[in-house]
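The values are calculated or read from the model by the stated rules, or taken from the named source; none is laboratory data. Since the structure is predicted, the reported quantities are computational estimates derived from the model, not experimental observations. Every residue, glycine among them, receives a Cβ derived from its backbone with ideal geometry; neighbour counts consider all protein chains shown.
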Amino acid sequence: MIQITALHKYYGSVHALDGLDMTVEAGTVYGFLGPNGAGKTTALRILTGLARPTAGRASVAGVDLVADGRVLSRRVGYLPEEPAFYPWMTPSELLDHLGRLHGLSSAERSRQTRELLDLVHMAEAGKRRIGGFSRGMRQRLGLAAALVHNPEVLLLDEPVSALDPLGRKEILDLIEDLRDQCTVLMSSHILADVERVCGVVGIIARGRMIIQSPREKLMESYARPAFEFETVDAASALRWADWLKVQPWAAAVRLEKVVVRITVNDIARARQELLASAVAQEIPLRRFEEVRPSLEDIFLQLTDRETTL
Amino acid sequence: MNFFIVLRKELMEQWRTKRLLVILAVMAIFGLISPLLAKLTPDLLKSIPDMPAGLADLIPEPTLTDAVLQYVKNLEQFGILLALLMSMGSVAQEKERGTAAMMLTHPLSRAAFLLAKFAALAVTFTLSLTVAALACWYYTLLLFEALPWDSFLALNGLMLVGFFVYIAATILCSTLVRSQGAAAGLAFGALVLIAGIGSLPRIGTYFPGQLFNWGVGLALGAADPAWPALWVSLGLIVTFLGIAWLVFRRQEL
Amino acid sequence: MPFADFQQYIPFLIPVVIIQLILMIAALVDLLRREKTRGPKWLWALIIVLVNYIGPIIYFVAGRQDA
């Protein structure tokens, strides 16, 4: 659906994009991850036609970007990081206006306006001036505005980063619901959000793609299983950590006061021996947990490697 | 066509942000008070106490000419000022706020975006000047005598073309820069430049300022046509908007 | 010229005063409904009411600030 090849974008001497390659298959929710300033917004702006690449190629739904921007805008919906509106308009008027631009009939527009306002929980605010809206309301309205024409591709730039936990959950739920309707490309520097909704993850740093893979596969190949213990006193934690370090199935042991975190090579053996050894050595445990490998571990691992190269 | 959709939005904006009201009110008031001032000024001067008797007799009786001169002088000044104030934010503010980027990711060409800005301001100014002209014509009729309606219409048409030049110039300035303040400064510079060149002896006859003089002549039946100034003005409007489009087309938002 | 002569022109000023009032009311309504202005609200209210004719216009051009 989206194909980017060797995309470069220079702002003076700053290389915002430095040969970015990316493929987004139709029907996926693609999480575009990277630290701030990695080039995520630049890539999205090029995909919407707001910025022009210095070099390289990009196409959406088979349409070459540089060639025809107008065809594209009918098929792509875009939610910028900070959506901006005319303060004197109301949400209903905005959606109606956008519907007109997309050539919807009067009946289609009023239906679409009603449905979208319901979707983003703004039905009761539909007739109020946008001027006084909060950040969260703008974000939701921005999402509605991006969906007016039922686009095939939806580009979301940090859709939840500026929101509080509740607002964040609402938007992520909405994005999850959109999965069946369109291809979603969502940028974020917050891993937990991407982990929740995205089937495919691409990690970008300094304008280049580091890795691109289905989320599950990425987890399997990069994240090692881990366990976390909390002991009652620091002395026994230290004693046990020393013993664990030399076991053949242990990959790494990290000790933080009373908490021991151990990543293992052999999960089956670890499950058997960990608790047994705790009992044998009389370690007083307060908590024992098998920790799910997180995208954060992988992300840090990969971006670390990239920066030390 | 999408041009008319944006034009509808622009006109709504003029109305909601009270820009239409301000332009209409300012022009209407000057339409009303210009003939009134022309009528009263000599009387006011004469009423100054201790005016030497001989001097008071030298003050001429007000005429139709004074009414038309007042009208053109006031509307030229304030019309141009309004053209600048009301157009300076047109593009710059949308870039500053991010609304331009928002709208242009929907099917809307940048040419239509710009042209709708100009068209909406043109509609507002036309409407306002029409009201001002009617007001002035009616008060002149009451206070002096009837103005020939056809040449008075021509005078207002020429003034309108003059305003359009300044609107187009300000939209261009607004397109060139990113902030409203910078646009205002640049537009003011352009205004001074156009007025400055317009006041030079020979070249001045080709500049928009000449339209106002021609209009006065027309309305008073002493036509001194300045066709070149009209062609140059129309050319300037097209040129300013054309350059604005060429620049805006390449801008990253 | 005696004052009586001026008096006959007073009716001519009525439309001007009406337009002025419309502008003033529009500006005041806008000010009351607005959350943010450039500078304190009470000051704008004074400018609109006391500065004849151009007060409301100054407010419309410079006083409003949109969130």
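Quick one: is A:Arg70 under 22 Å from B:Ala101 (Cα atoms) and modelled with pLDDT under 85?
Values: under 22 Å from B:Ala101 (Cα atoms): yes; modelled with pLDDT under 85: yes.
Taking the combined requirement at face value, the residue satisfies it.
Residue pairs whose Cβ atoms lie under 7 Å apart, separated by 6 or more positions or on different chains, with the first residue in segment A:235-263 and within 17 Å of A:Pro284 (Cα to Cα) and the second in a loop (DSSP other than H, G, I, E, B) and of a type outside the set (Asp, Glu), are A:Ser236/A:Ile283; A:Ser236/A:Pro284; A:Ala237/A:Val258; A:Trp240/A:Gln281; A:Trp240/A:Ile283; A:Trp243/A:Gln281. So, of the residues in segment B:132-166 that are away from chain C (no Cβ under 14 Å) and not in a helix (DSSP H, G or I), which turns out to be surrounded by the most Cβ atoms within 10 Å (Cβ to Cβ)? Applying the filter and picking the extreme gives B:Leu147.
Results for (1) hydrophobic (A, V, I, L, M, F, W, C); (2) under 16 Å from A:Tyr30 (Cβ atoms); (3) in the same structural domain as A:Ile283 (by TED's automatic domain parsing), shown as yes or no for each residue.
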residue: A:Asn150; (1), (2), (3): no, no, no
residue: A:Val160; (1), (2), (3): yes, yes, no
residue: A:Leu163; (1), (2), (3): yes, no, no
residue: A:Ile171; (1), (2), (3): yes, no, no
residue: A:Leu185; (1), (2), (3): yes, yes, no
residue: A:Ala205; (1), (2), (3): yes, no, no
residue: A:Ala237; (1), (2), (3): yes, no, yes
residue: A:Lys245; (1), (2), (3): no, no, yes
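Of the residues B:Gln210, B:Gln251, which is modelled with pLDDT of 85 or more and of a type outside the set (A, V, I, L, M, F, W, C)? Full working, then the answer.
Details: B:Gln210 fails: modelled with pLDDT of 85 or more.
Among B:Gln210, B:Gln251, only B:Gln251 is modelled with pLDDT of 85 or more and of a type outside the set (A, V, I, L, M, F, W, C).
For segment B:1-50, a residue qualifies if it is over 17 Å from the mean Cα position of the chain (by Cα) and of a type in the set (Lys, Arg), and the qualifying residues are B:Arg8, B:Lys9, B:Arg16, B:Lys18, B:Lys39, B:Lys46. Every test in (1) small (Gly, Ala, Ser); (2) in contact with a Gly (Cβ under 9 Å, 6 or more places away or on another chain); (3) free of Cβ contacts under 8 Å to residues at least 60 places away in the same chain is passed by A:Gly37 save one, and that test is (2). The single condition among (1) surrounded by fewer than 19 Cβ atoms within 10 Å (Cβ to Cβ); (2) in a helix (DSSP H, G or I); (3) of a type outside the set (S, T, N, Q) that B:Ala184 does not meet is (1). Any residue in segment B:100-114 that is under 27 Å from the mean Cα position of the chain (by Cα), more than 14 Å from chain A (Cβ to nearest Cβ) and buried (at least 18 other Cβ atoms within 10 Å of the Cβ)? Yes; the residues of segment B:100-114 include at least one that is under 27 Å from the mean Cα position of the chain (by Cα), more than 14 Å from chain A (Cβ to nearest Cβ) and buried (at least 18 other Cβ atoms within 10 Å of the Cβ). Among the residues of segment B:14-22, is there at least one that is touching a Lys or Arg at 6+ places or on another chain (Cβ under 6 Å), in a loop (DSSP other than H, G, I, E, B) and either within 14 Å of chain A (Cβ to nearest Cβ) or touching a residue at least 60 places away in the same chain (Cβ under 8 Å) (or both)? So far as segment B:14-22 goes, no, none of its residues is touching a Lys or Arg at 6+ places or on another chain (Cβ under 6 Å), in a loop (DSSP other than H, G, I, E, B) and either within 14 Å of chain A (Cβ to nearest Cβ) or touching a residue at least 60 places away in the same chain (Cβ under 8 Å) (or both). Checking A:Lys257, A:Lys245, A:Lys169, A:Lys217 one by one, the residue that is of a type outside the set (A, V, I, L, M) and within 14 Å of A:Ile298 (Cβ to Cβ) is A:Lys217 and no other.
Could you go through segment A:189-199 and let me know if any residue there is modelled with pLDDT of 85 or more, over 12 Å from A:Val29 (Cβ atoms) and surrounded by fewer than 19 Cβ atoms within 10 Å (Cβ to Cβ). No, segment A:189-199 contains no residue that is modelled with pLDDT of 85 or more, over 12 Å from A:Val29 (Cβ atoms) and surrounded by fewer than 19 Cβ atoms within 10 Å (Cβ to Cβ).
It is to be established whether one or more residues within segment B:213-221 are aromatic (Phe, Trp, Tyr) and over 12 Å from the mean Cα position of the chain (by Cα).
Yes, segment B:213-221 contains a residue that is aromatic (Phe, Trp, Tyr) and over 12 Å from the mean Cα position of the chain (by Cα).
Listed by first and then second residue, the pairs with beta-carbon distance under 6 Å, at least 6 apart or on different chains, first residue in segment B:34-45 and within 14 Å of C:Leu13 (Cα to Cα), second aromatic (Phe, Trp, Tyr), are B:Ser34/B:Tyr71; B:Pro35/B:Tyr139; B:Leu36/C:Phe12. Filter segment B:204-219 down to the residues that are farther than 13 Å from B:Gly162 by Cβ and in contact with a helix residue (DSSP H, G or I) (Cβ under 6 Å, 6 or more places away or on another chain) and list them by number. Residues satisfying the conditions are B:Gly204, B:Tyr206, B:Leu218, B:Ala219.
Checking each residue in segment C:9-53 for being at the interface with another protein chain (Cβ under 9 Å from one of its Cβ atoms), part of a helix (DSSP H, G or I) and free of Cβ contacts under 8 Å to residues at least 12 places away in the same chain picks out C:Phe12, C:Leu13, C:Pro15, C:Val16, C:Ile19, C:Ile22, C:Arg33. Of the helices (runs of 4 or more DSSP H) contained entirely in segment A:181-280, those carrying at least 3 residues that are under 19 Å from A:Arg292 (Cβ atoms) fall at A:191-197, A:215-222, A:267-280.
Might you let me know whether segment B:20-31 holds any residue that is closer than 23 Å to B:Ser174 by Cα, surrounded by fewer than 19 Cβ atoms within 10 Å (Cβ to Cβ), at pLDDT 90 or above and not basic (Lys, Arg)? Within segment B:20-31, none of the residues are closer than 23 Å to B:Ser174 by Cα, surrounded by fewer than 19 Cβ atoms within 10 Å (Cβ to Cβ), at pLDDT 90 or above and not basic (Lys, Arg). Could you tell me whether any residue of segment A:128-136 is within 19 Å of B:Thr17 (Cβ to Cβ), of a type in the set (Val, Ile, Thr), more than 8 Å from chain B (Cβ to nearest Cβ) and over 29 Å from the mean Cα position of the chain (by Cα)? Among the residues of segment A:128-136, not one is within 19 Å of B:Thr17 (Cβ to Cβ), of a type in the set (Val, Ile, Thr), more than 8 Å from chain B (Cβ to nearest Cβ) and over 29 Å from the mean Cα position of the chain (by Cα), which makes the answer no.
Here's a check for you: in segment B:224-248, which residue that is exposed (fewer than 14 other Cβ atoms within 10 Å of the Cβ) and in contact with a helix residue (DSSP H, G or I) (Cβ under 6 Å, 6 or more places away or on another chain) is modelled with the lowest pLDDT? Only one residue fits best here, namely B:Asp224.
Yes/no per residue for (1) away from chain B (no Cβ under 14 Å); (2) in contact with a strand residue (DSSP E or B) (Cβ under 9 Å, 6 or more places away or on another chain); (3) surrounded by 20 or more Cβ atoms within 10 Å (Cβ to Cβ); (4) within 18 Å of B:Glu94 (Cα to Cα):
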site	(1), (2), (3), (4)
A:Pro83	no, no, yes, yes
A:Ser92	no, no, yes, no
A:His97	no, no, yes, yes
A:Ala107	yes, no, no, no
A:Ser110	yes, no, no, no
A:Ala144	no, no, yes, no
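Within segment A:241-263, the set of residues being touching a Phe, Trp or Tyr at 6+ places or on another chain (Cβ under 8 Å) and modelled with pLDDT of 80 or more comprises A:Val259, A:Val260, A:Ile262.
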